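To keep things clear, I will list the structure first and then write my remarks on it.
The values are calculated or read from the model by the stated rules, or taken from the named source; none is laboratory data. Just so it is clear, the model here is predicted, and its values are computed rather than measured. Cβ sites come from the backbone with ideal geometry, for glycine too, and all protein chains shown count toward neighbours.
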Amino acid sequence: ETGVTQSPTHLIKTRGQQVTLRCSSQSGHNTVSWYQQALGQGPQFIFQYYREEENGRGNFPPRFSGLQFPNYSSELNVNALELDDSALYLCASSLRVANSPLHFGNGTRLTVT
Amino acid sequence: RKEVEQDPGPFNVPEGATVAFNCTYSNSASQSFFWYRQDCRKEPKLLMSVYSSGNEDGRFTAQLNRASQYISLLIRDSKLSDSATYLCVVNDEGSYSGGGADGLTFGKGTHLIIQP
C-alpha cells in the first residue's frame, strides 16, 4: 500500500510570490484534505476535495486554492505569499466512508521571507 | 468559533508511570472524537478513536463525556517511545472520520516527555 506523499519537503519563498504544493493520495483514497500547521499549533483545516471538487473550506482567504485530479492527487496553490504563511502544510487522504481516518503525508515545510 | 482546548504541557513523566491528558471542545453538536499522536517534525497519526462508552487499546484508554464536552486519554505503564505531542481532534459534521465540509478541528496538542 502506497502512503500519502508530498512534494517538495521544504521550500523557501519570498513575500508576494506564489507557491504550488503537491500531494499524492494513499492508494484507493478518493478524498484529499489540506491542513496548515504553524509552529506550536495544531493543524488548521484549509479545504477538502472529493471527486475533483472542493467539498468544504476552512477559514482561509481565496488566495489559498486547490485542485484534485482524476487520479485523486491534489495541489495546493497559495498566491501573494505573506510571512504568516510560513508553516508545515499537511495533505491527508481518506475514504468517504464512516470510520475511515485521515492518513497524513510528511508535509511540506514552507518558509516565507 | 469552534475550539478544542488542551493543556500544552510539557508533561514530564517517569517511565512506567500513568499519565492522563484532558481536552474540552466548544461545539456541543460535535459528532466524533479522536486522539492523534505527532512526533517531532513528523506528520500526525491516528492513535485511537474515542467512543461514548469509553474504549481501550492496550495501554491507552480514551473516555468521552458529552455532557461536559470533555475527552480524556490515559496512558498506563508509559514507555520512552510514548514521548510525543498528543492532539485532541473533533469532527463537527457528518459521519466520515476524515472530516466533512468543515474538516477536523485539532487542539494545539499536549507535549509528553517520558523520562528514563
Restricted to the stretch A:75-110, and to residues that are farther than 18 Å from B:P44 by Cβ and in contact with a Leu (Cβ under 7 Å, 6 or more places away or on another chain), which residue is surrounded by the most Cβ atoms within 10 Å (Cβ to Cβ)?
-> A:D85
Tally, over the stretch B:93-116, of residues that are out of contact with any Phe, Trp or Tyr (no Cβ under 9 Å at 6 or more places or on another chain), assigned to a strand (DSSP E or B) and within 7 Å of chain A (Cβ to nearest Cβ) | 2
Could you please tell me which pairs satisfy a Cβ distance under 8 Å, a separation of 6+ or placement on different chains, a first residue in the stretch A:69-86 that is within 11 Å of A:T113 (Cβ to Cβ), and a second residue that is modelled with pLDDT under 95 and of a type in the set (D, E, K, R)?
-> none
Which residues, taken from the stretch B:65-90, are more than 25 Å from B:P116 (Cα to Cα), crowded, with 22+ Cβ neighbours inside 10 Å and more than 9 Å from every other protein chain (Cβ to nearest Cβ)?
-> B:I71, B:V90
Inside the stretch B:1-57, the number of residues satisfying the requirement of being touching a Gly at 6+ places or on another chain (Cβ under 8 Å) and either under 17 Å from B:L112 (Cβ atoms) or outside any loop (DSSP other than H, G, I, E, B) (or both) is 6
Please work out if B:I71 is under 30 Å from A:F60 (Cβ atoms) and either assigned to a strand (DSSP E or B) or without any contact (Cβ under 8 Å) to a residue 24 or more places away in the chain (or both).
-> yes
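Residue-by-condition table, conditions (1) within 14 Å of chain B (Cβ to nearest Cβ); (2) over 21 Å from B:N91 (Cα atoms); (3) among the basic types (K, R); (4) in contact with a strand residue (DSSP E or B) (Cβ under 6 Å, 6 or more places away or on another chain):
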position: A:Q17; (1), (2), (3), (4): no, yes, no, no
position: A:F60; (1), (2), (3), (4): yes, no, no, yes
position: A:N71; (1), (2), (3), (4): no, yes, no, no
position: A:L88; (1), (2), (3), (4): yes, yes, no, yes
position: A:L102; (1), (2), (3), (4): yes, no, no, yes
Given the structure, is A:S25 buried (at least 20 other Cβ atoms within 10 Å of the Cβ), at the interface with another protein chain (Cβ under 7 Å from one of its Cβ atoms) and under 13 Å from the mean Cα position of the chain (by Cα)?
-> no
Go through (1) assigned to a strand (DSSP E or B); (2) within 9 Å of chain B (Cβ to nearest Cβ); (3) touching a Gly at 6+ places or on another chain (Cβ under 7 Å) and name the single condition A:N55 misses.
-> (3)
